[in-house]
Structure formats: structure tokens, C-alpha cells
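Nothing in this text is a laboratory measurement; each read-out follows from the coordinates by a stated rule. Everything numeric here is computed off the predicted structure, so don't read it as measured data. Note that we place each Cβ from the backbone using ideal geometry, even for glycine, and neighbour counts take in every protein chain shown.
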Amino acid sequence: MDLGIAGKRALVCAASKGLGRGCALALAEAGVDLVITARGADALEATAAQARAFGVSVTAVLGDITTEDGRAAALAHGPFDILITNAGGPPAGAWSDHTREDFIRALDANMLTPIALMQACLPHMIGQKWGRVVNITSQSVKAPIAVLGLSNSARTGLTGFVAGTARAVAQHGVCINNLLPGSHDTDRIAQLNGAEAARRGVPVAQVYAENAAEIPAGRIGTAEEFGAMAAFLCSNRAGFIVGQNILLDGGAINATL
Ligand code: NAP
């Protein structure tokens, strides 16, 4: 399928590894010129080189996207037709562990940063009557994960903002949606599974196997299939998908809707 977005320009945040990288490579394959960000130079350059192999222009911007400086450095390469927001997830912990400062950090990274990026990018998209935004959130928005209270809270706040804003800008050809990962094989999952294995004193392979066994698909997802869905949501074919929360979890959340 021709996604109809060759030649468009995208900002993909936190894109050197994992789900952000999956999105960046899928957009590059669709012919989209990219600005990608991350804090670590080596992985970012490696991803940029891989994306350039699709024949698109790729600018790698080093910085922390959750800071004003990091966002300004990325936005300086705009304007953008497509925005994919992403950042590392907050640390795990029991409900009683989180301090006010922990909440402020989580809200900054996983709620206020995507909101600031949308506020910066939407005026151009509205002006040209075409734009796409995909926010990488989490399955925890639909089904809370007890040890990820910081993530549950911050991402639900973002979801509320998107629900209203997506419907306010849709008349201008701008579609904002959230993509909710379940368990996908990335460094983040390796880190969470490693912590769980250490806590229980079991091999990490056992935690992966238990994880897969709980998913109707019988496996965890890949960054490539996550990226493919993101690219579709950013495509010219997806102009009637507005304000949705699309779950990619292999059927893990047992719900009718
Ligand atoms: P990952 O494999 O750890 O990759 C994170 C990427 O983001 C890396 O490229 C990292 O590069 C970059 N990054 C992190 N913090 C950044 C920052 N402040 N500024 C700029 N770049 C930053 O993580 P992932 O699994 O792809 O997860 C992406 C998001 O989805 C996270 O918020 C995670 O909580 C959420 N999520 C993931 C899953 C899953 O199954 N993987 C499930 C639910 C939710 P640098 O470290 O070099 O900056």
C-alpha cells in the first residue's frame, strides 16, 4: 500500500532504539524525511544511518526531549508535517514509594513534553490543512499496571488532553491519535523483566516466557510491527482516524472494547 506521505517531514522523538526507532524506520521506508532525537550519540547515529538507507534525509538531534533546550533543538529543524512523541518511561515502584518530585518528573516527561511538542507543531499543520500526530503512550492507560503508578498517572493525563485537542483540530485535516504498546521486545522491557527476575530470584528468560504465556498471541510484540501501525496512522489513508487510543498488545488486555 502506498501510504501517500513520501516527501513529508517528521519529528520522531526518542528514536534511537525501541519503539521510537521502529516508528522512524517505518516512516523512512514510506519516504518521509526525518528529524530523530535521543540523548546517546552512538545509537542515534546508527539509527540515522539505517534510515538514510531508504533514501530519505535524516537529521539526528542529540538532547533530552523532556527539557526545554532539548525540545528547542529538535523544533529548530521544523516545521513538521508529522510528529511522533516519545520519551523513556518513568521508573517502577509501589504506590507508596512515589514522592511529589517523582510525579513532577513523570508528568514532565510523559505528559507535559508531548503536550508542549503538539503546541509547537500544530499551528503549522493547521495552517497547511494537513498533519499527523502519534503519541506513544502505554497499555497502562486502558488497564493500569500496579507497579507503574507514575506511568499510569502521567499517560492518562496526556490521554485526556489528546481526547479534547484531537477533536478541536480535526476540521483542519490534522489527526492526533495515541498508540498504546503492550509488551514489545525493547530495552525497556528487558530492564523491567530484569528487575522482576532479580526481585523474584528467577532467570530473566522465565519472566519473558511467563510474559509471552499471558498474551493470546503467544509472544511479545516487535518494534517493527509497532512502527508499521504508527506509519499507517501518519499516512494519507488515515485521515478519518481521530482521537483514538489504539492498543497493540497481542490481545493481552481481556476486554470486549
Ligand atoms: P527503549 O527501548 O528504552 O528506548 C527508549 C528510546 O528513547 C531510546 O532511543 C532512548 O535513547 C530514547 N530516550 C529515552 N529518554 C529520552 C529523553 N528524555 N530524550 C530523548 N530520548 C530519550 O524504550 P521503548 O520500549 O521503546 O519505550 C518507549 C516508550 O514506550 C517508553 O515511554 C515506555 O515506557 C513506553 N512503553 C513501552 C512498552 C514496551 O513494551 N516496550 C510498553 C508500554 C509502554 P537515549 O537513552 O540515548 O536517550
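Values computed for the structure shown
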| read-out | value |
| --- | --- |
| Proximal aspartates and glutamates relative to Lys142, as straight alpha-carbon distance under 16 Å, when same-chain residues fewer than 8 apart are discounted | Asp249 |
| Estimated inter-spin distance, Ala6 and Leu257, nm [label 7 Å along Cα→Cβ] | 4.1 |
| Karplus-derived HN-Hα couplings along the stretch 74-87 (A = 6.51, B = -1.76, C = 1.60, θ = phi - 60°), whole Hz, x at Gly and Pro | 6, 5, 4, 8, x, x, 10, 8, 9, 10, 10, 8, 6, 6 |
| The stretch 55-159: relative contact order as a whole-number percent, Cα under 8 Å and 6+ apart | 35 |
| Interchain or long-range residues, amide H under 5 Å from Ile176's placed H | Val133, Gly243 |
| Gyration tensor verdict on the stretch 88-130 (Cα atoms; rounded if a/c is under 1.5, prolate if a/b is larger than b/c, oblate otherwise) | prolate |
| Per-pair calculated FRET efficiency, R0 = 22 Å: Asp108 and Phe54 via Cβ, rounded to 0.05 | 0.10 |
| Whole-Hz ³J(HN,Hα) from phi, Karplus 6.51 cos²θ - 1.76 cosθ + 1.60, for the stretch 50-58, glycine and proline x | 5, 5, 4, 4, 7, x, 9, 7, 10 |
| Relative contact order (%) - criterion: Cα under 8 Å, at least six apart; region: the chain | 22 |
| Over the stretch 154-257, relative contact order from alpha-carbon pairs under 8 Å, at least 6 apart, % | 41 |
| Proximal aspartates and glutamates to Lys8, defined as alpha-carbon separation beneath 18 angstrom and excluding residues fewer than eight positions away on the same chain | Glu29, Asp33, Asp81 |
| 19 Å reach of a label modelled at Arg188, 7 Å along Cα-to-Cβ, counting backbone N of the stretch 233-257 | 233-234, 244-253 |
| Whole-Hz ³J(HN,Hα) from phi, Karplus 6.51 cos²θ - 1.76 cosθ + 1.60, for the stretch 204-215, glycine and proline x | 5, 4, 5, 5, 4, 5, 5, 4, 5, 5, 7, 9 |
| Within the chain, longest stretch free of exposed chymotrypsin sites (Phe, Trp or Tyr not before Pro) [DSSP loop, at most 13 other beta carbons within 10 Å] | 96-239 |
| Angstrom value of the Kirkwood radius, inverse mean 1/r, which spans all Cα pairs in the chain | 18.4 |
